[in-house]
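Computed from the coordinates by the stated procedures, all read-outs in this text should not be read as laboratory data. Values in this document were obtained by computation on a predicted structure and should not be read as measured data. Virtual Cβ from ideal backbone geometry, glycine too; neighbours counted across all protein chains shown.
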Amino acid sequence: MNEYNVISIGQNAGKVWQTLATDSANHLETLPQKSNLPEKQAYMALGWLARENKINFAPRGKSICVELTKAESEAKKHLIKNTENKPRHPDGRC
């Protein structure tokens with residue numbers, strides 16, 4: 001599959017979101033490695049997340065810090081809470 005199509009970029013945006021949800025703030029330069037993505041793909045994913053207003057950029061010295069917006073941080077908390085309280089399937093499959 002072409003790594004530069006809208007489906008791949010969206011999937012990679014999910015990977016970057018998960019990285020930011022785990023590590024609240026990251027330097028722009030470290031995000032590709034932490035997300036386990038090639039640099040170009042990680043930056044396209046950041047563009048996707050920025051366009052959806054899911055991330056903020058803030059200068060930190062000579063670097064740029066990337067973090068989830070307050071709304072996304074709240075969504076992350078809600079997602080984690082719902083996952084922890086999710087009832088398991090009676091036979092233990094889920």
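Full extension of the chain between C65 and K15 yields a length gain of 16.3 nm, computed as 0.36 nm times the residue separation minus the alpha carbon distance. As a rough footprinting exposure proxy, the listed residues Y4, Y43 were ranked by other beta carbons within 10 Å of their own, and the order from fewest upward is Y4, Y43. Mean separation of Cα pairs under 8 Å and 6 or more residues apart, divided by the residue count, gives region 6-84 a relative contact order of 32 percent. Shape of region 6-84 from the C-alpha gyration tensor: oblate (a/c of 1.5 or more and a/b not above b/c, with a ≥ b ≥ c the square roots of its eigenvalues).
With the simple spin-label model, which puts each label point 7 Å out from Cα in the Cβ direction, the E52 to E3 separation comes to 2.0 nm. Take each peptide in 55-67, 27-39, 11-23, count the other Cβ atoms within 10 Å of every residue, and average; sorted highest first, the result is 11-23, 27-39, 55-67.
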